[in-house]
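**Student:** One structure coming up, written as structure tokens, with questions to follow.
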Amino acid sequence: MNSRTDRELLREYVERDTQAAFAEIVGRYIDFVYSVAIRMVMNRQHAEDVTQAVFVVLACQARQLVERPVLSGWLHRTTQNLAAKIVRTEVRRRAREQEAATMQLDTPESEPDWEHIAPFLDDAISDLSDADRDALTLRFFERRTARELGERLGLSEEAAQKRVTRALERLRGVFAKRGLIISSTALAGAISLQAVQAAPVGLAATVIASTCAAATTGISIFGILKLMASTKLKVSLALLVAAGMVGMLILQHQTNDRLQSELASLQSQLAEAKSAPAPAATQGDTDELARLRAEHSELLRLRDEAGKLRQNQVEVTRLESENARLRASQQSNREAQPEQGDQAAEVFKTIANARMNYVTGWFYAFISFAQKNGLKIPETFEQAAEFYPEKWASVMSAFDQNKFEIVYRGSLEDIPETARTIIVREKAPFANPNKAGYLRTYLFADGHSELHSSPNGNFEAWEKDRLVATPQP
């Protein structure tokens, strides 16, 4: 897993114009930006257009963003602004007012589901301060742990967690003002589970290509949006490349013709000088001879340049053919095969996400069980199994629940700090396949899950402040 920070990648892109560095940033945030866009515009094609435009803006403003500590907050605001230009404000306002009125009339007894939260989420986040927005995007959208969040924001782990808690409470207040009543625990769980969805296959490659085209030609953001809405970006790029190659060939031909004309003129003058009778040598003749020798040297230089131009012309033709072949090969590879990366790292990432999704599913099962049993967490997994989300049934069946344990069995109301209280953990740590050390899966009372690492497999010191004893009846 690459440990380079967003600052390092942006600085390399700005100072060296390294496309690989920018491509890595796109890979990190493509799902996040696409998820915000699809919630705003509710249309897949428009969401893809907005996603491309956001990364074009990032490429254009990269120099101003190099020192920004948290990039995800800026991406969220920019995505929201560009999405607002795609969808007419009046249509969105009426749809949201109608949905808000319907939600107020329904007055549901249970927590609102994701379909009610999603249309308001990004507008609500935009009403928060930059500090609160950065804290929420790092915690729930990038799924950073409290320790990682503290390192990014320059805070201690405890201070970073408190900032997330306060930001989550302010976000809940924004929802309350709009008529949507939801608890902090349910809101945190919904955002962790649903806020980021995978972008369409191939969108990252399209974004990188469009960014390169915009940075080269200086197209404005509105021009990018209009171009993406009216024609395929690949066609536009092909035309740009073709225009550049044609211009280069024309310039080569014009320069070659001019040098050949000068060469013929000098050859003619030299022939006349050689055929003329040799008069008596005078000072003027000496000067003329020196001039002719200089012209002869210039003639030889021009011949050399003409030869180099011919070679350049042949090389341009070869490069043009090679470019066409590479583009055809690249297009064929895109259609036939998915992009290949570090397969071992991808497999580990998939397994890690599956473990965290597995314990997160138990969080929702526990919440449903608690609502029917006086807010008390179940004693065993079997008591809450019937409430496990159906959409994660395949994840549930992939793990043995006997390898996990419930470490808190009291009431939800007795938990002092949900974001720091462990309620489920993996019984035994497992070896980290990517580097030395061990990993262990944890589920916290606010609904987020973590994979915590230890160099020697001893987690007792870290768990000490996060395990709360079950109150005695």
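The values are calculated or read from the model by the stated rules, or taken from the named source; none is laboratory data. All values derive from a computational prediction rather than experimental measurement. With ideal geometry, Cβ positions are generated from the backbone for all residues, glycine too; neighbour counts draw on all protein chains shown.
**Student:** Contact list please: Cβ distance under 6 Å, first residue in region 21-39 and touching a residue at least 12 places away in the same chain (Cβ under 8 Å) and of a type in the set (Val, Ile, Thr), second residue surrounded by 19 or more Cβ atoms within 10 Å (Cβ to Cβ) and not in a helix (DSSP H, G or I), pairs at least six apart or on different chains.
**Tutor:** Close Cβ pairs (under 6 Å, with a partner that is surrounded by 19 or more Cβ atoms within 10 Å (Cβ to Cβ) and not in a helix (DSSP H, G or I)) amount to Ile30/Ala199.
**Student:** I would also like to ask the following. Could you check how many residues of region 442-468 are without any contact (Cβ under 8 Å) to a residue 12 or more places away in the chain and among the aromatic types (Phe, Trp, Tyr)?
**Tutor:** 1
**Student:** Quick check on Val424: is it closer than 17 Å to Ala365 by Cβ, of a type in the set (A, V, I, L, M) and surrounded by 13 or more Cβ atoms within 10 Å (Cβ to Cβ)?
**Tutor:** yes
**Student:** Cβ-Cβ below 7 Å, separation at least six or inter-chain, first residue in region 281-304 and surrounded by 11 or more Cβ atoms within 10 Å (Cβ to Cβ), second in a loop (DSSP other than H, G, I, E, B) and modelled with pLDDT under 85: which pairs?
**Tutor:** Asp285/Pro279
**Student:** Restricting the search to region 361-384, which residues are over 22 Å from Gln194 (Cβ atoms) and of a type in the set (A, V, I, L, M, F, W, C)?
**Tutor:** Leu375, Ile377, Phe381 - these are the residues of region 361-384 that are over 22 Å from Gln194 (Cβ atoms) and of a type in the set (A, V, I, L, M, F, W, C).
**Student:** Sticking with this structure for a sec: Could you go through region 416-434 and let me know if any residue there is of a type in the set (Ser, Thr, Tyr) and either in the same structural domain as Phe381 (by TED's automatic domain parsing) or closer than 23 Å to Arg144 by Cβ (or both).
**Tutor:** yes
**Student:** Does region 372-389 hold any residues that are farther than 11 Å from Trp362 by Cβ and among the small types (Gly, Ala, Ser), and which are they?
**Tutor:** Result: Gly374, single match.
**Student:** Would you check if Asp31 is acidic (Asp, Glu) and at pLDDT 95 or above?
**Tutor:** yes
**Student:** Counting only residues that are over 21 Å from Ile117 (Cβ atoms), of a type outside the set (A, V, I, L, M) and in a helix (DSSP H, G or I), how many does region 47-77 have?
**Tutor:** Qualifying residue count, region 47-77: 9.
**Student:** If you check Thr51 against the conditions, is it assigned by TED's automatic domain parsing to the domain that holds Gln194 and in contact (Cβ under 8 Å) with a residue 40 or more places away in the chain?
**Tutor:** Yes; evaluated as a whole, the condition is true for this residue.
**Student:** Residue check: is Val41 closer than 17 Å to Leu121 by Cβ, β-branched (Val, Ile, Thr) and modelled with pLDDT of 95 or more?
**Tutor:** So Val41 fails the test.
**Student:** Another question, then. With the condition kept exactly as written, say whether any residue in region 88-101 is assigned by TED's automatic domain parsing to the domain that holds Gln194 and either at pLDDT 95 or above or not in a helix (DSSP H, G or I) (or both).
**Tutor:** Scanning region 88-101 turns up at least one residue that is assigned by TED's automatic domain parsing to the domain that holds Gln194 and either at pLDDT 95 or above or not in a helix (DSSP H, G or I) (or both).
For every residue, the table says whether it meets (1) in a helix (DSSP H, G or I); (2) at pLDDT below 90.
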position	(1), (2)
Phe140	yes, yes
Leu155	no, no
Ala159	yes, no
Lys162	yes, no
Glu169	yes, no
Arg172	yes, no
Phe175	yes, yes
Gly179	no, yes
Ala198	no, yes
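**Student:** Among the residues of region 114-129, write down those that are farther than 19 Å from Ala84 by Cβ and outside any loop (DSSP other than H, G, I, E, B).
**Tutor:** Trp114, Glu115, His116, Ile117
**Student:** When you scan region 427-456, how many residues do you find that are at positive phi and exposed (fewer than 15 other Cβ atoms within 10 Å of the Cβ)?
**Tutor:** 1
**Student:** Also, quick follow-up: Being surrounded by 14 or more Cβ atoms within 10 Å (Cβ to Cβ), closer than 21 Å to Ser184 by Cβ and at pLDDT 95 or above: is that true of Val359 here?
**Tutor:** no
**Student:** Select, from Ala131, Ala176, Ala146, the only residue that is within 23 Å of the chain's Cα centre (by Cα) and surrounded by fewer than 16 Cβ atoms within 10 Å (Cβ to Cβ).
**Tutor:** Ala131
**Student:** Within region 276-291, identify whether any single residue is small (Gly, Ala, Ser), at pLDDT 75 or above, farther than 25 Å from Ile208 by Cβ and out of contact with any Ser or Thr (no Cβ under 9 Å at 6 or more places or on another chain), and answer yes or no.
**Tutor:** yes
Condition check ((1) modelled with pLDDT under 95; (2) of a type in the set (S, T, N, Q)) across all residues:
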| site | (1), (2) |
| --- | --- |
| Phe366 | yes, no |
| Gln371 | yes, yes |
| Gly374 | yes, no |
| Glu386 | yes, no |
| Glu390 | yes, no |
| Ser394 | yes, yes |
| Glu405 | no, no |
| Pro416 | yes, no |
